[in-house]
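Inspection log for the structure reproduced underneath, given as C-alpha cells.
The values are calculated or read from the model by the stated rules, or taken from the named source; none is laboratory data. As the structure is a prediction and not an experimental result, all values here were calculated from the model. Counting neighbours? That spans all protein chains shown, and the Cβs are built from the backbone with ideal geometry, glycine included.
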Amino acid sequence: MGEALGVVLPLAVAVAVFPIPIIAVVLMVGSDRGRVKGLAFVLAWCVGLAVVGGIALALAEGADAGDGDEPATWVAVLLLAGGLVLFAAAVSQWRGRPRADEEMPMPGWMRTIEDFTATKAGASGFALSALNPKNALLVVAAAVEIAAFDLPASQEITVLLAWVLIASFGVLTPLVLALAVGDRSQAPLDSLRAWMARHSGAIMAALFLVIGAKLIGDAMALFSG
C-alpha cells in the first residue's frame, strides 16, 4: 500500500499546486462570508477528486489493470498517452505565459467571486476538480496506477483517499490559514495570489513537463518489464 501511494504521490503534488483553484480560495476567504464559501469550495473539491478517482479506479479494476503479477499492457499505453498530452500542454502553457510583470488572465467567473453563494462556491470547487480536463487526467492516471498494484479493495480505497487529501493541500492551506488567524491572513494570502497569478503559466508548464516525464517513464518501465 505504501509503495502504491509513493508511486502516485507526484501526481497528487501536481494537483495540489495548480494555481487557479488556490487563487479562487484566496479570493473567496477574503470576501463576505469568505470562510463559509471557502469551506464549501474545498469540500466540493475533495468530493470531485474522490468521485473521479473512484469511478476511474472501479473501471480500471473491471478492465483488470492488475493483470496477475504485472500490470496490464493497456495501463502502460494509457500512461504513455497521458504523458504525451501533458508534454503538449506544457508547451502550450509556456508559449502562452505572461511576459515580465504581467499577470495571467483569470477566468471571467473569478471576477464575480465576491457575489458567490456557498452553493456556487461548492459548484465551482467540484467543477475545477472533477470537470477540468487536465486535472481529471491526473486523477485518472493516479487511479489507474493504484489499480495496477492489484491491492485489496479496502487498501485501494485507503490509498485513493490519502491521495485526495494530499492533492487538496493547495486549496486547504488558504482556508486553514484564514480560519486560524482571521483577518491577519489576508496580506500573505494576497501576496500568494499575486505571485501565483503572475507565474501561473510557468508553474503549469513546469508541472506538466515533470509529470508528463513521470508518466512516460512509468509507461516505459511497464513496457520493458
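Could you look through the range 134-171, keep only residues that are small (G, A, S) and touching a strand residue (DSSP E or B) at 6+ places or on another chain (Cβ under 7 Å), and pick out the one that is surrounded by the fewest Cβ atoms within 10 Å (Cβ to Cβ)? Can you show your working first?
Initial filter on the range 134-171 (small (G, A, S)): 136, 141-143, 147-148, 153-154, 162, 167-168, 170.
Going one step further and asking which of them are touching a strand residue (DSSP E or B) at 6+ places or on another chain (Cβ under 7 Å), we end up with 147-148.
Working: A147: 27, A148: 24.
Checked the range 134-171; the qualifying residue surrounded by the fewest Cβ atoms within 10 Å (Cβ to Cβ) is A148.
Is it the case, given these coordinates, that F87 is modelled with pLDDT of 75 or more and crowded, with 21+ Cβ neighbours inside 10 Å? Spell out the reasoning first.
Working: modelled with pLDDT of 75 or more: yes; crowded, with 21+ Cβ neighbours inside 10 Å: no.
Spelling it out, it is not the case that F87 is modelled with pLDDT of 75 or more and crowded, with 21+ Cβ neighbours inside 10 Å.
Restricting to the range 102-158, and then to whatever is farther than 17 Å from L207 by Cβ and of a type in the set (S, T, Y), can you tell me which residue is modelled with the lowest pLDDT?
T112
Go through S185, S191 for me and flag whichever is hydroxyl-bearing (S, T, Y) and in contact (Cβ under 8 Å) with a residue 40 or more places away in the chain.
Residue meeting the stated conditions: S185.
Can you give me the number of residues within the range 133-172 that are at negative phi and of a type in the set (D, E)? Outline the logic, then answer.
Here is the first cut: in the range 133-172, the ones at negative phi are 133-149, 151-172.
Now restrict to residues that are of a type in the set (D, E): 145, 156.
Adding up the residues that qualify gives 2.
Return yes when L131 is surrounded by fewer than 23 Cβ atoms within 10 Å (Cβ to Cβ) and under 19 Å from L9 (Cα atoms) and no when it is not.
Here the answer is no, as L131 does not meet what is asked.
Has the range 202-218 got at least one residue that is surrounded by 15 or more Cβ atoms within 10 Å (Cβ to Cβ), basic (K, R), over 30 Å from M28 (Cα atoms) and touching a residue at least 24 places away in the same chain (Cβ under 8 Å)?
Within the range 202-218, one or more residues are surrounded by 15 or more Cβ atoms within 10 Å (Cβ to Cβ), basic (K, R), over 30 Å from M28 (Cα atoms) and touching a residue at least 24 places away in the same chain (Cβ under 8 Å).
Tell me, which helices (runs of 4 or more DSSP H) wholly within the range 94-186 include 3 or more residues that are over 17 Å from the mean Cα position of the chain (by Cα), within 15 Å of A4 (Cβ to Cβ) and not aliphatic (A, V, I, L, M)?
Counting at least 3 such residues, we get 153-167.
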